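Comments concern the structure below.
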Amino acid sequence: MAISSLHATTSLHSPCTTNTSFRQNQVIFFTTRSNRRGSTRHAGARTFQVSCSADKPVVIGLAADSGCGKSTFMRRLTSVFGGAAEPPKGGNPDSNTLISDTTTVICLDDYHSLDRTGRKEKGVTALDPRANNFDLMYEQVKAIKEGKAIDKPIYNHVTGLLDPPELIQPPKIFVIEGLHPMFDERVRDLLDFSIYLDISDEVKFAWKIQRDMAERGHSLESIKASIEARKPDFDAFIDPQKQYADAVIEVLPTQLIPDDNEGKVLRVKLIMKEGIKNFNPVYLFDEGSSITWVPCGRKLTCSYPGIKFAYGPDTYFGHEVSVLEMDGQFDRLDELIYVESHLSNLSTKFYGEVTQQMLKHADFPGSTNGTGLFQTIVGLKIRDLYEQIIAERAGAPTEAAKV
Ligand SMILES: Nc1ncnc2c1ncn2[C@@H]1O[C@H](COP(=O)(O)OP(=O)(O)OP(=O)(O)O)[C@@H](O)[C@H]1O
Ligand SMILES: O=C(CO)[C@H](O)[C@H](O)COP(=O)(O)O
């Protein structure tokens, strides 16, 4: 692998406030420019920077298989912080990065070390660790966490090639989303909070058909074949990451309709680890009790098959967890306030904030069921976690921490 270009840049990118001192950051990176087809194109980035200790990014990991709702979740998360998320201005139009005032979301597909042809030639899928550069991923996430800018590669999903890198500045909240945020122990240890979207095979299949047939013109056979081809690697490399997640959103077929095979009504579980710093699990009615609740009646309109909530303690991969579950779907989103008023530890800033967020994005997939509700709740918990970390660094307790 020949290094054909070695260059250095000097930058003054710092998230420091005026009362913190910083020294000039120096970034030196190198790229390889070997044949783009089927070969590794970028070798890595070396960052030699010194930055201030204040306002370093909080790093969040979001893992899921492709087509399992990561983008939708990210849109909900960035909306909680306010402002729209957009690709880097004036950059590669096929960039996978989304930047808003507070958050920068990068897609870990950008750390594919083999492009589409390369994977085909070697007979590996994108889920296989051999198709990904974990050393570079670790180096760059670490650099961002230390407040340093990085030159991150871009995997172009349109061409299937690795494009020239893009400059990423350290944001307040840095989200790494994709197939492997918790796979490599070094990367995992850098995460301040991690989420896994666990979509059952039946539901994944229904969503894939809906998107890839309706929107991308794929045939039913090709969708089935692609899911089957990915399954062994998914089971080996992606699924095991859920044991490390601080919160898991598990999406299953409904239990309210016997033998349902339509996959439209969903049973969704929010599995929240106990004992995670700056994260207090949400609860229904009474913390630590086991409860089932059918809210349908005078205050919540429910058509067939109705709605059922459940809450209680459990264990998950040997960890103590609290599990909140919702089966069924809402008829009227404005009535969600009734459900919200029975949930506690939501980390909202005002009464009704969950309902407001859900109404704001009523057109997003999953808005009438537990996927949208729990994604919104996790978004609020991440905002709270961020605020607590920042307050801790500044040495002052937050309102939430005081209560
Ligand atoms: N909560 C949901 N309810 C119903 N359908 C959903 C839900 N979330 C996602 N989908 C379906 O899955 C598709 C993919 O969602 P999204 O783009 O958010 O996933 P992704 O993980 O970012 O996908 P990719 O990695 O392929 O870009 C949507 O277009 C929609 O059809
Ligand atoms: O699992 C995936 C994550 O998004 C993709 O399939 C992988 O990134 C390869 O992308 P493409 O199919 O565009 O070559």
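For residue 273, the aspartates and glutamates whose Cα comes closer than 12 Å to its Cα, not counting residues fewer than 8 places off in the same chain, are 246, 314, 320.
Tally the DSSP beta bridges in segment 131-264 and give the antiparallel ones as a percent, rounded to 5.
Values: 6 of 11 bridges.
Roughly 55 percent of the beta bridges in segment 131-264 run antiparallel, per DSSP.
In this simple spin-label model, placing a label point 7 Å from the Cα along the Cα-to-Cβ direction at both residue 185 and residue 260 gives a separation of 4.1 nm. Extents of segment 238-342, largest first, come to 38, 32, 22 Å (Cα atoms, principal axes, whole angstrom). Summary of packing: across the peptides 383-389, 130-136, the per-residue average of other C-beta atoms within 10 Å ranks them, highest first, as 383-389, 130-136.
Amide H to amide H distances under 5 Å link residue 307 with 296, where only residues 5 or more positions off or on other chains count and H is placed in the peptide plane.
Classification of segment 87-146 by its C-alpha gyration tensor yields an oblate form. The axis ratio a/c (a ≥ b ≥ c) is 1.5 or more, and b/c is at least a/b. Fully extending the segment from residue 334 to residue 293 would add 12.8 nm, taking 0.36 nm per residue of separation and subtracting the current Cα-Cα distance.
A 1.4 Å probe, protein heavy atoms only, puts the accessible area of residue 68 near 0 Å².
The Kirkwood radius of segment 305-367, taken over pairs of alpha-carbon atoms, gives through the Stokes-Einstein law at 20 °C and 1.002 mPa s a diffusion coefficient of 160 µm² s⁻¹.
So which of 120/360; 89/122; 56/204; 152/242; 308/381; 208/360 end up more than 32 Å apart by C-alpha? Check vs 32 Å cut-off fails for 120/360; 89/122; 56/204.
For segment 144-301, the pair-distance distribution built from all alpha carbon pairs, in bins 5 Å wide starting at 0, is 1, 6, 10, 14, 17, 16, 14, 11, 6, 3, 1, 0 percent. For a quick check of understanding: with a 1.4 angstrom probe and all protein chains in place, what accessible area in square angstrom does residue 254 have, to the nearest ten? Taking all protein chains as shown, residue 254 has close to 10 Å². Using the average count of surrounding beta-carbon atoms within 10 Å as a protection proxy, the listed peptides 345-351, 83-89 rank, highest first, as 345-351, 83-89. Computed over segment 67-178, the P(r) tail beyond 17 angstrom holds 55 percent of alpha carbon pairs. Each label was represented as a point 7 Å from its Cα along the Cα-to-Cβ direction; for residue 353 and residue 157 these points are 3.0 nm apart. Summarised in one figure, the compactness ratio Rg/Rh of segment 272-334, Cα atoms and Kirkwood Rh, is 1.06.
Accessible surface comparison of 293, 207, probe 1.4 Å, protein chains only, largest first: the order is 207, 293. Ordered from largest to smallest accessible area (heavy atoms of protein chains, 1.4 Å probe), the residues 62, 333 come out as 333, 62.
The values are calculated or read from the model by the stated rules, or taken from the named source; none is laboratory data. Source: prediction; values computed, not measured. Using ideal geometry, Cβ is built from the backbone for each residue, glycine included, and neighbour counts are taken over all protein chains shown. Note: areas computed on protein heavy atoms with side chains; ligands, DNA, RNA excluded. Shrake-Rupley method; radii C 1.70, N 1.55, O 1.52, S 1.80 Å.
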